[in-house]
Amino acid sequence: MKYINKVALAASASLVLFSDFAFAGEKTEITDITGRKVTVSLPVEHVILGEGRQIYFTAALDTDAPFKRVVGWRDDFKKADLDGYNEYLEKFPEMAKIPTFGGMKDGTFDIEQAVSLHPDVIIMNIDAKSATEESGYIEKLAKVGIPLVYVDFREKPMENTEPSMRVIGKLFGKEARAEDFIKFRAQEIAKVTDVLAKHPDVKKPLVFMERAGGYSDDCCMSFGNENFGKMVGLAGGINLAKDIIPGTFGNVNPEQIIASNPDQVIVTGANWEGYVPGGKWVGVGAGADKAKAREKLAALMQRPAFTGIKAVKDGNVHAVWHQFYNNPYQFVAIQQFAKWLHPDLFKDLNPEATFAELHKRYLPVDYRSGYFVSLNAGE
C-alpha cells in the first residue's frame, strides 16, 4: 500500500512519477537536463555510466550497493581521482571487474560492447552532448533500444545539480532519497548564504581560482562565472576571472593575475598520478598527505604569476579537491571557501564535519580527511 500511495499521475501527460518504487519494466517518459523527452523502463537495473566519476552520485542513492546497477563505465575514476578510486576499491573490489568504455567525445565509444551488456540506460554528462549528437550516437543507440539521458554537475552545477539528482532518482526508483539529499545540500549552502545575507556590507576579497594547477606547465586555467567561479561568489568572494572568461572554463594570463593582485588564491588538485605521473599537481583528496600537498602548493606559488601578489605575501593560498567541480557535493567546497574568505564570520562553520556527515548519511565509504590544505597557519 505504501507504494500505491506514492504514485502520482501527471494531469497533462502520461508521465508517472515514483517516490521510492516503480514496477519493473514500467515504460516512463522522463525529461533529462537538456529538456529531451526520453522513454525508459523504470526502475533501471543495468546502467552504463558515461563517466566513472558518476559513481559520486550513484553512491549517494545506491549507498548499500553503489555498483549493483553499473554494467559499464569509463575508466576516468582511477585516473582523475586515484585516492577516491582506491578508497572505493578497498570496500568494493568487484568494481575492478566492471567493463570500461572509450569516450563519446573522442569517438572511441563502442556501441557493440554497450549492446552486449544490455543496459537499460546510458547516463552521460552534458559536456559530451555536442560530440554525441555529431557522431549520431543517440540515433544509433535508439535503433538497438538503448536510451541515453544527460545530467550535469560540471557546466552549470549550481543550476543543474538538483534537477540532475531528480532525474537519477527517477531512473533508480530512489526519488525520496534524492529529495532528501537535495534538502540536505540546500541546508548546508544556506549556512553560508544566510550569514552573508545578514552582512551585506562585508568586504569581498578578490579570489583567483586556478584550475588544476601544476597539471601542466601552462598558466593559468581558471573558471568564469560558473562552477568553482560561482562557488566563490556564493562564499562571499569576487572571482577574478568572472568577466574575463565568458564560459565555464578558460584561461587567465599571468600578467592579468599580477595586475589584479588577488587577495586569495585557491588551486584545485587531486591525485593525478594516472594522468601526469610525478607531476607538480597538488594531491588533495580522500586521505591525502596534507604535508606533501602543502609543499607542492607552496612550490606552485613560486611561478612568475604568483610571486609578489598579496595572497602569497599574506599566506592566503589554498588547495581544494578538484572533483568538487563535477559532483553533487559542491556545498562542502562552498563552506570551505567561506571559511577561508571570511574566517571571522564563519569561525563556527566546520566543512570537515559537514563532509563527514555527508559520508555518514549518504555514502558507503568512511570519511577520510585530506580534501583541503592551506599555506596559512589558520587552516
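Points to keep in mind about this one:
- Candidates are the residues of segment 305-364 that are assigned to a loop (DSSP other than H, G, I, E, B), open to solvent by 10 Å² or more (accessible area, probe 1.4 Å) and polar (S, T, N, Q); the one that is nearest to VAL232 (Cα to Cα) is ASN316.
- Scanning segment 165-175 for any residue that is at pLDDT 95 or above, within 30 Å of VAL265 (Cβ to Cβ), in contact with an Asp or Glu (Cβ under 6 Å, 6 or more places away or on another chain) and not hydrophobic (A, V, I, L, M, F, W, C) turns up nothing.
- Enumeration of residues in segment 90-102 that are modelled with pLDDT of 95 or more, of a type outside the set (Gly, Ala, Ser) and open to solvent by 50 Å² or more (accessible area, probe 1.4 Å): GLU90, LYS91, PRO93, GLU94, LYS97
- Subset tally (residues that are loosely packed, with under 14 Cβ neighbours inside 10 Å and touching a residue at least 12 places away in the same chain (Cβ under 8 Å)) for segment 187-215: 1
- Reported count of residues in segment 147-173, each being of a type in the set (S, T, N, Q) and open to solvent by less than 10 Å² (accessible area, probe 1.4 Å), is 2.
- For segment 174-186, a residue qualifies if it is open to solvent by less than 40 Å² (accessible area, probe 1.4 Å), within 17 Å of the chain's Cα centre (by Cα) and not β-branched (Val, Ile, Thr), and the qualifying residues are ALA178, PHE181, PHE184, ARG185.
- Residue count for segment 103-140 satisfying the condition of being among the small types (Gly, Ala, Ser), open to solvent by less than 20 Å² (accessible area, probe 1.4 Å) and either within 18 Å of ARG36 (Cα to Cα) or over 20 Å from the mean Cα position of the chain (by Cα) (or both): 3.
- Residue identified as basic (Lys, Arg) and modelled with pLDDT of 95 or more among LYS129, LYS143, LYS183: LYS183
The values are calculated or read from the model by the stated rules, or taken from the named source; none is laboratory data. Predicted, not measured: the structure shown is a model, and the values here were computed from it. Cβ: placed from backbone, ideal geometry, glycine included. Neighbour counts: every protein chain shown. Quick note on the areas: whole protein, heavy atoms, side chains included, nothing else; ligands and nucleic acids left out. Shrake-Rupley method; radii C 1.70, N 1.55, O 1.52, S 1.80 Å.
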